[in-house]
Structures are given as structure tokens and as C-alpha cells.
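Q: There's a structure below that I have some questions on.
Nothing in this text is a laboratory measurement; each read-out follows from the coordinates by a stated rule. Note that the structure is a prediction, hence the values are computed from the model and not measured. Cβ: placed from backbone, ideal geometry, glycine included. Neighbour counts: every protein chain shown.
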Amino acid sequence: MTARPVLLPGTQCVIEDFGDDGALTRHLLEIGITPGLQLTIVRRGPFGDPVEVAMPGTHSVVLRSGELASLRCRFVSGPLAALPCSATGRYRVRALQGGQRHTRRVAGYGLRPGREFSLLPCSRGRYRLRIGADAPVVELGRGEAARLIVEPA
């Protein structure tokens, strides 16, 4: 994926590289954040800052959103809404969150854990999916997309 994911709670990513800021790089290394480490976004502050990030093992750290923005991360899994509208490619449904109504509605589209789909460019702010080669395009709003946990196929 070339587009940068939005780091919403539940998003998992692997750090590929730090930015060019030497002081920030030293700070991240001092607290145990290294390239190749998988991070999970736990929660964001009320105005998007700070961000709690879980690291493998038992501890988590709090980072400023600017510090996170300087990291180049590879998307591992997370809410479909974490992907920018410009993202395209093949993805797999990892899990469904939400209540029974939401689960029934997306099951009616053919989306269930393990199912692969093609992500098409957004239209009018709605996520567009094609589940099969001959299947019609399914459009999901941001609320539905936030409860569909996906990973690259």
C-alpha cells in the first residue's frame, strides 16, 4: 500500500523507518521503538493527542501525534476506515465488530471473516468494495468501515 494509513484505535502497523529528525529518532530508540517493531494503536486523546501505543509484550507508551506522523509504517491490520480513500488493492476481512444488525447487514453483502475483496477508490466519501469478479460494487459509510477489521490479502 502506498497511501499512508490513518492511525485509528485498533490499527496495527510495523515500523519501517524513522523520519529525518535525529533527536526524535534517539528519543524513540530510548523508549524501545525500533524499525521492525509492530505497534497497536490503543486510543487517542480527546483532540487526537496524545496517542497510546501498545508494543509487543506488556507495556505501552504515549506518543504525540507528530511523533507518530514522522514514522513510516506498513499497515498490518485495522479498521477499513483507517485506510485513506485513495487506497486500493486486495484485502481480507479479519473480524467484524459491532452489533447483530451491523453483522447481518455486512453478511448480506457477502463480507465475513476470511473473505477477500478488492478495495476501489472512494466515491463521495464512501468506501467501495468488490467481493467477486462479477459481484456488484458494495459501498460502506465511514461508520460501517470503522467496524470492519481488515488486513492485506
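Q: Between Arg112 and Leu29, how many nm apart are label points set 7 Å from Cα along the C-beta direction?
A: 5.0 nm
Q: Still on this structure, please answer the following. What percent does the relative contact order of the chain come to when contacts are Cα pairs within less than 8 Å and at least six residues apart?
A: Here the relative contact order equals 24 percent.
Q: Kindly state, to the nearest 0.05, the FRET efficiency for Arg43 paired with Asp134, given R0 = 41 Å and r defined as their beta-carbon distance.
A: Once the sixth-power term is evaluated, E becomes 0.50.
Q: Sticking with this structure for a sec: What Kirkwood radius, in Å to one decimal, follows from the Cα pairs of the chain?
A: Over the chain, the inverse of the mean reciprocal pair distance is 16.4 Å.
Q: Still on this structure: Sort 87-93, 29-35, 47-53 by packing, meaning the average of other beta carbons within 10 Å per residue, with the highest value first.
A: 87-93, 47-53, 29-35
Q: Right, here's the next one. Can you tell me what percent of all Cα-Cα pairs in region 12-76 are more than 17 Å apart?
A: Summing the P(r) of region 12-76 above 17 Å gives 34 percent of all pairs.
Q: For region 75-153, what relative contact order do you get, as a whole percent, if you take Cα pairs closer than 8 Å and at least 6 residues apart?
A: Relative contact order comes out at 45 percent.
Q: Treat region 85-152 as a sphere of radius equal to its Kirkwood radius over Cα pairs and apply Stokes-Einstein at 4 °C in a medium of 1.567 mPa s; give the translational diffusion coefficient in µm²/s, rounded to a whole number.
A: 109 µm²/s
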